[in-house]
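Worksheet: the structure to be examined is printed underneath.
Just so you know, all these numbers are worked out from the coordinates, no wet-lab data involved. Values in this document were obtained by computation on a predicted structure and should not be read as measured data. No Cβ is skipped: glycine too gets one built from the backbone with ideal geometry, and neighbour counts run over all protein chains shown.
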Amino acid sequence: MSKIFLVTGGAGFIGSHVIDGLLKQNYKVICVDNFDNFYPQSIKQANIKEHLKSPNYSIFNVDIRNFEQLKLIFETSKITDIIHLAALAGVRPSLLQPVKYAETNINGTLNLLELSKKFGVKKFIFGSSSSVYGSRETGPFNEEMKIDKPISPYASTKASCEQICYTYSHLYNLPIICLRFFTVYGPRQRPDLAIHKFAKLMREGKPIPLFGDGTSLRDYTYIDDILNGIFGAINYDKTPFEIVNLGESRTVKLNYLIELLEKNLGISAKIEQYINQPGDVPITYADISKAKELFNYNPKTPIEQGIEKFVKWFDIQYNFLITN
């Protein structure tokens, strides 16, 4: 039986790249996305423009909180594998709408797990987040660490979903892999995320907001490397449940990130400094030894090369937007 993939959040940043790869391998792909107004729908429409040309692709504008609408998709499609990337994203926005984040991220995931159980799905991949590690002073972070102190509603929902995933794997023999993504960036990155947001503000001659003193550390991971990890998870079948970090395993200071953007954009950034935001952590840093062992994961894009690639894509997009 050939695989049929359901990709939730498939019109978004990571999801649309995953679907690119699946379609290149001639898999049938069902995309579920509700085109949430968190950022302009036109961005997601652009992400899926090429997908719509494929006979192996279908898309449903459905909210993962809607069990009955999801059930209809399962009833009419023989879904074998799920890559669940749909979620309300972002640490800071989750402080403003914690109930909505819980309803979408936790209840939506439960809906998909219930339907996976009912319809005999063979593999479930869940997109988790490095935010589950909470506020730590040093790294790297490994998957055996306790995650009982998340410091944002967003992080809490992701940690909760990992627990629920384990429960369903244990009770119903559903193979599940939870992938903890570390600060993913690259072409199609969401416009609210720092790299994209800073680039746009700098191009427009506007100041960029700097929270803290610029010494916070992030493990920035280029989209191509994340995709290699996701496809490694798709092909992995040795154990019924795993939690795996996907990062670059290198920390980058925010000040250095801004320097790289300045260099590649040819613009000196204007800085507006603010105090640290609630929910923000001082460091993210992935121990990727488990991903290397299970998936042969090997990130190959250092931040210097990744920012150069991102800016090339960004300038094409930016020039298109201002001339249309």
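The Cα-based radius of gyration and maximum Cα-Cα distance (Dmax) for the range 21-75 are 12.3, 31 Å. Axis of helix 303-322 versus longest Cα principal axis of the chain: the two differ by about 90°, to the nearest ten degrees.
R0 = 30 Å: FRET efficiency of SER54 with ARG250, Cβ-based, nearest 0.05? Here the calculated transfer efficiency is 0.25.
With the convex hull drawn over the C-alpha atoms of the chain, the volume per residue is 129 Å³. Net charge dipole, the chain: roughly 540 debye, given to the nearest 20, about the Cα centre with Cβ charges of +1 for Lys and Arg and -1 for Asp and Glu. Here the simple spin-label model places points 7 Å from the Cα toward Cβ, and for LYS238 and THR76 these points are separated by 4.1 nm. Placing a label point 7 Å from the Cα of GLN69 along the Cα-to-Cβ direction, the residues of the range 6-41 with a backbone N closer than 20 Å are 6-13, 15-16, 29-41.
Across the chain, C-alpha contacts under 8 Å between residues 6 or more apart give a mean separation that, scaled by the residue count, equals a relative contact order of 18 percent. Computed about its Cα centre, the charge dipole of the range 192-324 is approximately 240 debye, with only Lys, Arg, Asp and Glu carrying charge at their Cβ. Here's the picture: charge each Lys and Arg Cβ at +1 and each Asp and Glu Cβ at -1 in the range 86-205, and of ASN173, THR138, LEU201 the one pushed furthest to the positive end of that dipole is LEU201. Distance between the pseudo-spin-label points of LYS200 and SER289 (7 Å out from Cα toward the beta carbon): 4.0 nm. So the label point goes 7 Å from the Cα of ASN142 along Cα→C-beta, right? Which residues of the range 265-292 then have their backbone N under 14 Å from it? Label zone hits: 286-292. What's the angle, to the nearest 10 degrees (0 to 90), between helix 13-24's Cα axis and the longest principal axis of the chain? It works out to around 50 degrees.
Roughly how far apart, in whole Å, are the Cα centres of the range 51-86 and the range 152-179? Centre-to-centre distance over Cα atoms comes out at 20 Å.
Each DSSP beta bridge with both residues in the chain is either parallel or antiparallel, and the antiparallel ones are about 5%.
Close amide H contacts of ILE283 (hydrogens built in the peptide plane, cut-off under 5 Å, sequence separation of 5 or more or a different chain): ARG136, LEU217. Compared with the alpha-carbon gap, the fully stretched path from GLN163 to GLN45 is longer by 39.2 nm at 0.36 nm per residue. A Förster radius of 41 Å, combined with the Cβ-Cβ distance separating TYR172 from ASP20, puts the computed FRET efficiency at roughly 0.85. Can you give the log10 of the normalised intensity I(q)/I(0) at q = 0.23, 0.26, 0.33 Å⁻¹, computed with Debye over equal Cα scatterers of the range 224-272? Treating every Cα as an identical point scatterer, log10 I(q)/I(0) equals -0.89, -1.00, -1.19. Partner lysines whose Cα lies under 27 Å from the Cα of LYS118, excluding those fewer than 8 positions away in the same chain, are identified as LYS3, LYS28, LYS71, LYS78, LYS100, LYS158, LYS238. Each residue of the range 96-107 was assigned a 3J(HN,Hα) from its phi angle through the Karplus curve 6.51 cos²θ - 1.76 cosθ + 1.60 (θ = phi - 60°); the sequence is 8, 9, x, 5, 5, 5, 5, 4, 6, 6, 7, 5 Hz, with glycine and proline shown as x.
Just to confirm a number: summing +1 for Lys and Arg and -1 for Asp and Glu over residues other than LEU85 whose beta-carbon lies under 15 angstrom from that of LEU85, what do you get? Residues near LEU85 contribute 0 overall.
Overall form of the range 71-218: prolate. Here a/c, set by the Cα gyration tensor axes a ≥ b ≥ c, is 1.5 or more, and a/b is the larger of a/b and b/c.
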